[in-house]
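Report on the structure given below.
The values are calculated or read from the model by the stated rules, or taken from the named source; none is laboratory data. Just so it is clear, the model here is predicted, and its values are computed rather than measured. Cβ atoms come from the backbone with ideal geometry, glycine included; neighbour counts cover every protein chain shown. Heads up: the accessible areas ignore ligands, DNA and RNA and are worked out on the full protein's heavy atoms, side chains in. Shrake-Rupley method; radii C 1.70, N 1.55, O 1.52, S 1.80 Å.
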Amino acid sequence: MAQLDNLRIVLASRPAGRPRPGDFRLEHAAVPTAAEGQVLLRILYLSLDPYMRGRMSEAKSYAAPVAIGQVMEGGTVAEVLESRHPSFKPGDIVLSHSGWQSHAVADGAHLRKLDPAAAPITTALGVLGMPGFTAYAGLLTIGQPKAGETVVVAAASGPVGSAVGQIARIKGARAVGIAGGETKCAFVRETFGFDAVIDHRAPDFAEKLAAACPQGIDVYFENVGGKVWDAVFPLLNTFARIPVCGLVAQYNSTGDFAGPDQLPVVMRQVLTKSLTIRGFIQREFVAQRPAFEQEMARWITDGALKYKEDIVAGLDRAPEAFIGLLEGKNFGKLIVKV
Ligand code: NDP
């Protein structure tokens with residue numbers, strides 16, 4: 001297999017603030033050889049996700065950072081080229097976690113076979129994969145939306161936010177989305193069927209959000225933090241639930257947060273409004289995975305839940321696409337066709 005070339009993108013340096021293209025390096029390497037129990041994979045699609053910004057940093061987090069010179073990590077859909085594992089044969093399509101590269105070996109035990117006839121294989125990285133599951137488990141377990149309640153979510157055109165709003169509506173709640181720019185807002189309203197969508201870049205964003213939530217907010221699914229949180233916070237109702245899923249507005253921050261310390265104000269509201277604020281990492285809810293897979297597939301088939309993918313062609317474009325993801329340049333689940 002030495003004649004094949006493994007194209008891979010490694011972490012060249014740790015960014016301070018916004019990542020730069022030079023923080024990544026494109027390399028050519030020999031294609032690895034599968035040992036007993038392993039398979040050799042040709043990567044077809046790579047998922048780009050906001051959490052990867054955390055892996056570029058050394059700051060203490062729930063997962064170890066990518067080392068300098070190491071291949072950037074990430075979820076992938078791949079084709080089996082060679083198999084030394086009894087459950088896989090050449091041509092099988094699998095979900096793996098092979099990172100930003102064109103070829104990889106993986107232990108058969110870490111792979112999930114995909115059925116291309118059941119759903120487009122890219123959905124294993126989006127609506128039927130980790131982001132869809134994040135929305136499902138975080139919203140239903142922590143958010144617990146009830147009929148007639150108001151659910152607010154930002155990054156509403158992305159894979160997590162779009163599923164949160166649509167599941168909220170399936171449960172009979174009102175979904176209010178927040179997105180950047182009129183094109184995304186119109187799409188979230190018209191295609192995902194949210195009841196209202198507000199552009200967070202509008203100068204009167206906070207007033208518009210208040211007007212879109214006349215009964216206050218019962219569930220705020222936190223994806224972004226920053227000024228969206230500031231606008232949402234005064235609108236929270238007594239007993240509101242806040243699944244804290246992500247804080248993408250601050251992933252590129254260097255740690256100096258502007259403005260006065262809001263913690264005493266926040267804590268007073270947590271107490272007097274009996275708020276529930278709970279952070280989570282989706283894998284904590286792994287026991288719900290079978291229910292998710294069944295329900296989500298049914299909602300998609302029934303047309304109750306729609307999704308949008310943003311597919312970029314070429315592994316070499318992954319750094320630029322990833323940098324754009326943190327600034328809202330993607331429009332839907334960001335995937336690289338390797
Ligand atoms: P998206 O595809 O929605 O991409 C991120 C979006 O965030 C951008 O498109 C942009 O949308 C929005 N955004 C960026 N900066 C800002 C800002 N300053 N203010 C408002 N919006 C901003 O991402 P995902 O759906 O994959 O992820 C959404 C969130 O969920 C992220 O915070 C991610 O880290 C988190 N997450 C958490 C998991 C967990 O286990 N806890 C698992 C998976 C995801 P726009 O143009 O609309 O502003």
### Query
Can you name the number of the only condition in (1) near the ligand (Cβ under 10 Å from one of its atoms); (2) hydrophobic (A, V, I, L, M, F, W, C); (3) outside any helix (DSSP H, G or I); (4) surrounded by fewer than 24 Cβ atoms within 10 Å (Cβ to Cβ) that Val153 fails?
(4)
### Residue in segment 133-143 that is part of a loop (DSSP other than H, G, I, E, B) and out of contact with any strand residue (DSSP E or B) (no Cβ under 7 Å at 6 or more places or on another chain) present
no
### Task
Looking for whichever is among the hydrophobic types (A, V, I, L, M, F, W, C), in contact with a Lys or Arg (Cβ under 8 Å, 6 or more places away or on another chain) and touching a residue at least 60 places away in the same chain (Cβ under 8 Å) here; the options are Leu26, Leu111. Which one fits?
Leu26
### Task
Can you confirm whether segment 110-120 contains a residue that is open to solvent by less than 10 Å² (accessible area, probe 1.4 Å) and not in a loop (DSSP other than H, G, I, E, B)?
no
### Task
Give segment 292-329 a look and list any residue that's of a type in the set (Gly, Ala, Ser) and loosely packed, with under 13 Cβ neighbours inside 10 Å, or say none.
Gly303, Ala313, Gly314
### Message
With the structure loaded, tell me whether Ala35 is part of a loop (DSSP other than H, G, I, E, B) and without any contact (Cβ under 8 Å) to a residue 60 or more places away in the chain or whether it fails that test.
### Response
no
### Message
Just the residues that are within 24 Å of Gly22 (Cα to Cα) and open to solvent by less than 10 Å² (accessible area, probe 1.4 Å), please, taken from segment 50-90.
### Response
Met52, Met56, Val66, Met72, Gly74, Thr76
### Task
For segment 126-142, enumerate the residues that are touching a Ser or Thr at 6+ places or on another chain (Cβ under 9 Å) and more than 9 Å from the ligand (Cβ to nearest atom).
Val127, Gly129, Gly132, Ile142
### Summary
Within segment 210-221, residues within 16 Å of the ligand (Cβ to nearest atom) and either surrounded by 22 or more Cβ atoms within 10 Å (Cβ to Cβ) or modelled with pLDDT under 95 (or both) come out as Val219, Tyr220, Phe221
### Task
Starting from segment 149-172, keep only residues that are among the hydroxyl-bearing types (Ser, Thr, Tyr), then list their pairs with residues that are within 8 Å of the ligand (Cβ to nearest atom) and not in a helix (DSSP H, G or I) whose Cβ atoms are within a distance under 7 Å, requiring at least 6 positions of separation or different chains.
Ser157/Ala179; Ser157/Phe331; Ser157/Gly332; Ser162/Ala156
### Task
Among the numbered conditions (1) open to solvent by 30 Å² or more (accessible area, probe 1.4 Å); (2) in contact with an Asp or Glu (Cβ under 6 Å, 6 or more places away or on another chain); (3) more than 16 Å from the ligand (Cβ to nearest atom), tell me where Leu40 comes up short.
(1)
### Query
Inside segment 225-334, counting only helices (runs of 4 or more DSSP H) that do not spill past its ends, which hold 2 or more residues that are within 15 Å of the ligand (Cβ to nearest atom)?
226-232, 289-302, 318-325
